[in-house]
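The values are calculated or read from the model by the stated rules, or taken from the named source; none is laboratory data. Bear in mind the structure is a predicted one, so any value in this text is a computation, not a measurement. Note: ideal-geometry Cβ built from the backbone for every residue, glycine included; neighbour counts use all protein chains shown. Side chains included, ligands, DNA and RNA excluded: accessible areas come from the protein's heavy atoms. Shrake-Rupley method; radii C 1.70, N 1.55, O 1.52, S 1.80 Å.
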Amino acid sequence: FDRDFLFFTAEPYWQITPKLYGVFRFSGIGTFDRDEGYHFEGSPFAGGTGDFGDDARSLLRWAVGVGYQLNPRTKLKLEYSRDDFRVIETSALDDSDEERDFVGAQAVVSF
C-alpha cells in the first residue's frame, strides 16, 4: 500500500510528592483518511490486524498512570490505558469493537 502516516505522542508528567508521580500519555498512528486504511496493531494485546485488517485508519492510545518510588532501587507502577481503533468509512466491519481497555501493574527493581 502507498500510504502516508502520521504518528504523534504527548506525555505530561507530574511529580506529586518526592516519591509519587503521575503521567498521562496520548499517542496515535494512522492514515487519518476516510478511505485509506492500514493494518495497525496495538501491542501487546490490542489485535488490530486480526479484527480490522486493512480497514483501520487510525489507532489512538490513551493512558494514565501513577508510580511510587519505594526506595532508590524499587519503583511500583500502575497504569490504565485504552486503545481506540477508527475504521474507514467504506468498511463493512462492525465498528462497535473499536475500544480495548487494559490495566497493568509493575514492580521495577534495579541492581
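Numbers at a glance
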quantity	calculated
Computed FRET value (nearest 0.05) for E89 with F26, which takes r as the C-beta separation and R₀ as 22 Å	0.40
Accessible area of the chain divided out per residue, in Å², using a probe of 1.4 angstrom	66
The chain, relative contact order in percent, only Cα pairs under 8 angstrom and at least six apart counted	22
Cβ crowding within 10 Å averaged over residues, with 11-19, 72-80 ranked highest first	72-80, 11-19
Full-stretch length increase - Q69, W14 - with 0.36 nm per residue and alpha-carbon distance subtracted	18.4 nm
Formal net charge of residues neighbouring V64 (Cβ-Cβ distance under 9 Å; K, R +1; D, E -1)	0
Estimated FRET transfer efficiency (V109, Y80; beta-carbon r; R0 25 Å; 0.05)	0.65
Estimated D of region 3-44 in µm² per second, where Rh is the Kirkwood radius over Cα pairs and Stokes-Einstein applies at 10 °C, 1.306 mPa s	123
Solvent-free Debye scattering, log10 I(q)/I(0), computed from the Cα coordinates of the chain at q = 0.12, 0.14, 0.23, 0.24 Å⁻¹	-0.52, -0.64, -1.18, -1.25
Of all accessible heavy-atom area on the chain, the percent that carbon and sulfur account for (1.4 Å)	56
Net charge contributed by nearby residues that have their C-beta within less than 15 Å of S110 (K/R +1, D/E -1)	+3
